Structures are given as C-alpha cells and as structure tokens.
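Step one of this worksheet: look at the structure below.
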Amino acid sequence: MEEWKNIRINGIVEIERLVEEFEVWEHDKIPHGKFKVRVYETSKGRFIGRTNLMIRDKTNDFCAGIGYGENVCEALRDTIRYFFSLIDEVHDLSSDCFKYTDAMDF
C-alpha cells in the first residue's frame, strides 16, 4: 500500500494521501459550532492538517489552520492549536471574520 509514495511523474512536486477527517466542535468563538480538519500524509511520511474554516488575518486575507506532525494525532493537535492562535489574534470576532472553504476544495 506504500507504493504511492514512490510515484514519480515529471512536473508533479508532491502527492498527499487523505488519511483522516475530523469534526471539531466549539461553541464560543466560531460560527455554526464546528469545523473540519483533514489530515494528509505526504510521500515523505509527514502529516499535515488543514481546516475547512478560514479566518480573516491582519492583512485581510482568509487563512486556514495548518498543522504538522510525525503522526495523525500530532498534526491534528497542531492544526487546532494554530487555528485558535489565529482566532485569538482577532480582537473583534464576527461572522464576517470566518469563511468556509468551497466544498469542492475540501
């Protein structure tokens, strides 16, 4: 099952495999009470987490939570912690501060 890590195609920089998806519930800071975190494994064996909920940052751009780890649990934890550190930087939270990624992208 690890053969995918050895695929080499000219022009392809990286292949990631979706390994887990989590629903994270929180009722004080985020709209709609939940968001998702997907954790991917890279071909180099690292794990990357990404949120489907984004928050508007200081530059007025929307940023998703991103996290890294040596396993799924570490990547999930790092992603959630980073996402909430982004939220804590916003002083006036409103629903305009948040945006969900397009369902086709997540």
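One table, with the values for the structure above:
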read-out: Proximal lysines to Lys29, defined as alpha-carbon separation beneath 21 angstrom and excluding residues fewer than eight positions away on the same chain; value: Lys58, Lys99
read-out: Ranked packing of 97-103, 33-39, 9-15, most packed first, by mean Cβ within 10 Å; value: 33-39, 97-103, 9-15
read-out: For the chain: relative contact order, % (alpha-carbon pairs under 8 angstrom, 6 or more apart); value: 21
read-out: Within the chain, helix-based [θ] at 222 nm, where runs of 4 or more DSSP H residues each add -39,500 (n - 2.57), nearest 500; value: -5500 deg cm²/dmol
read-out: Geometric extent, Cα atoms of the range 1-51 - Rg, Dmax (angstrom); value: 15.1, 47
read-out: Burial ranking of peptide ranges 47-57, 83-93 (average Cβ count within 10 Å, highest at the top); value: 47-57, 83-93
read-out: Rounded to 10°, Cα long-axis angle of helix 72-88 versus longest principal axis of the chain; value: 30
read-out: Accessible-area composition of the chain, carbon plus sulfur, in percent [1.4 Å probe]; value: 51
read-out: The range 67-106: Cα Rg divided by the 2.2 N^0.38 Å rule of thumb; value: 1.42
read-out: Calculated P(r) tail over 12 Å for the range 30-73, as whole % of Cα pairs; value: 64
read-out: Interchain or long-range residues, amide H under 5 Å from Lys34's placed H; value: Glu26
read-out: The chain - Debye-derived log10 I(q)/I(0), Cα point model, q = 0.09, 0.16, 0.21 Å⁻¹; value: -0.26, -0.73, -1.08
read-out: Potential lengthening between Asp96 and Glu70 on full extension [0.36 nm per residue; Cα-Cα distance subtracted]; value: 5.9 nm
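The values are calculated or read from the model by the stated rules, or taken from the named source; none is laboratory data. Remember, it's a predicted structure, so these values are computed and weren't measured experimentally. Don't worry about glycine lacking a Cβ; one is built from the backbone with ideal geometry, like all the others, and counts go over all protein chains shown. Note: areas computed on protein heavy atoms with side chains; ligands, DNA, RNA excluded. Shrake-Rupley method; radii C 1.70, N 1.55, O 1.52, S 1.80 Å.
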